[in-house]
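Please treat every number below as a calculation from the coordinates, not as lab data. What you see is a predicted model; the values in this text were computed from it and never measured. So basically every Cβ, Gly included, is an ideal-geometry build from the backbone, and we count neighbours across all protein chains shown.
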């Protein structure tokens, strides 16, 4: 009988340790944020989507798309794709989406919209400076994690 209690205590101890460790580990799941851009003039929507994943959440891709699907795999012919970990800032004025990035995306051949997308390529120092005052410049970005 004493042996059963020892085995039962051991099993409970192991299960408790597993629960504790699983609660302390970071969430390795995919995280997606999406911003909707709407043009009244053209009655069209675009979506800026940011997907992060990986062991430390350091893998990321940002796409500009006409699809609102949050479960996405970037499609080079249909979406602007930015895979840099550099900051991403944008503004939307006069039916033009201005994106401020360190590396230009290839213009997708099958991207259908009347909204003009202007890629403003900026250096690391400018992007670092924008991180301090992007709101004063009328720019927006994704929420801080």
For the chain, longest principal axis from Cα atoms; helix 124-133 axis from its Cα atoms; angle between them, nearest 10 degrees, is 80
Two pseudo-spin positions, 7 Å from Cα along C-beta at residue 69 and at residue 24, lie apart in nanometres by 4.0
With only helices counted (DSSP H, runs n ≥ 4, each -39500 (n - 2.57)), the per-residue ellipticity at 222 nm for the chain, to the nearest 500, works out to -7500 deg cm²/dmol
Taking Cα pairs closer than 8 Å and at least 6 residues apart, the relative contact order of the chain in percent is 17
Most exposed to least, judged by fewest other Cβ atoms within 10 Å, 61, 120 sort to 120, 61
So, with points 7 Å from each Cα along the Cβ direction, the residue 59-residue 125 label distance in nm works out to 3.5
So the angle from the long Cα axis of helix 2-24 to the longest Cα principal axis of the chain, reported in degrees to the nearest 10, equals 10
PRE zone check, label point 7 Å out along Cα-to-Cβ of residue 132, amide N under 20 Å, scope the range 69-91, hits 86-90
For the chain, using Cα atoms only, the Rg and Dmax in Å read 22.3, 80
